[in-house]
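Taking it in order: structure first as structure tokens, then the write-up.
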Amino acid sequence: MSYDEEVERWAEAPEEFQFLLRKARELGATNAALLPAEQVVVDERVRLKCAVPVCQGYGHYLHCPPNTMSVAEFHKTLDRYSTALLVQVESPQSSADLDQEGLAGKNAAQLEALLHGEPNRLLGRIVNQLEAEAFKAGYYYAAGFSGGICLLCPECVGVASGDPCRRPYEARPSMEGVGIDVFKTAANAGLAIAMSSDEPVRWTGLILVE
């Protein structure tokens with residue numbers, strides 16, 4: 001979607017939330033789109049993919065399943081929201097870059113950190129700041145979700161340590177971790193996702209607003 005097409009799409013969005021679209025662009029988002037919260041697709045099978053095959057963060061990272069709210073609980077909470085803002089940050093790397101020499105033997109978190117660390121962290125900062133902007137505008141139930149494993153720290157303290165999150169006001173659970181089907185939700189918002197291809201990966205985050 002070109003910038004002109006995106007601006008035209010913004011004009012069709014609820015006027016009260018258009019300031020969030022503009023702010024997303026100012027903060028560095030590649031794409032941003034508003035959609036009705038009812039078009040955020042939730043599917044228990046997404047959460048299943050965190051465990052089968054098991055992800056590096058599952059049962060270990062503080063903001064990964066099963067340490068996040070359940071899919072059923074999130075689905076029930078989602079019903080209380082009217083609007084969702086989807087934001088994307090494009091990585092200079094593609095999924096095909098996983099085949100690069102020197103990356104063999106790395107776990108999922110290490111691969112994401114090496115290939116997509118900065119785009120992932122930028123997405124987290126954008127989600128946090130948009131959540132804060134919505135809160136300051138009076139939408140105090142605003143809640144943000146990032147994408148993929150949390151890469152704010154070189155290594156998560158881990159559940160077994162018993163230590164609290166080092167960055168609790170910045171870290172957010174991923175969309176996938178609460179059961180959001182990112183592919184279908186992005187499609188509903190008119191945004192593309194490139195995975196397992198030669199195209200740059202687009203990291204996707206979500207802010208719920210009411």
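Couple of notes before you dig in:
- Taking the criterion of being surrounded by 23 or more Cβ atoms within 10 Å (Cβ to Cβ) and either under 30 Å from Thr83 (Cα atoms) or among the charged types (D, E, K, R) (or both), the residues of segment 152-175 that qualify are Arg172, Ser174, Met175.
- Selection count where residues are over 13 Å from His75 (Cβ atoms), touching a helix residue (DSSP H, G or I) at 6+ places or on another chain (Cβ under 6 Å) and not polar (S, T, N, Q), scope segment 176-191: 1
- Residue list for segment 128-145, filter: in contact with a helix residue (DSSP H, G or I) (Cβ under 8 Å, 6 or more places away or on another chain) and either within 19 Å of His75 (Cβ to Cβ) or assigned to a loop (DSSP other than H, G, I, E, B) (or both): Ala137, Ala142, Ala143, Gly144, Phe145
- Among the residues examined, Arg45 does not qualify as out of contact with any Ser or Thr (no Cβ under 8 Å at 6 or more places or on another chain), in a loop (DSSP other than H, G, I, E, B) and farther than 24 Å from Arg121 by Cα.
- If only residues of segment 71-92 that are in a loop (DSSP other than H, G, I, E, B) and in contact (Cβ under 8 Å) with a residue 60 or more places away in the chain are counted, the one that is surrounded by the most Cβ atoms within 10 Å (Cβ to Cβ) is Tyr81.
- Annotation note: Cβ proximity below 8 Å between a residue of segment 6-34 that is crowded, with 19+ Cβ neighbours inside 10 Å and a residue that is at pLDDT below 95 and aromatic (Phe, Trp, Tyr) (sequence gap 6+ or interchain) occurs for Leu21/Trp10; Leu34/Trp10; Leu34/Phe17.
- Pairs, first closer than 14 Å to Ala32 by Cβ in segment 169-192, second acidic (Asp, Glu) and surrounded by fewer than 21 Cβ atoms within 10 Å (Cβ to Cβ), C-beta under 8 Å, six or more apart: none
The values are calculated or read from the model by the stated rules, or taken from the named source; none is laboratory data. The model shown is predicted, which means the values in this text are computed figures rather than measured ones. All Cβ positions, even for glycine, are placed from backbone atoms using ideal geometry, and neighbour counts span all protein chains on display.
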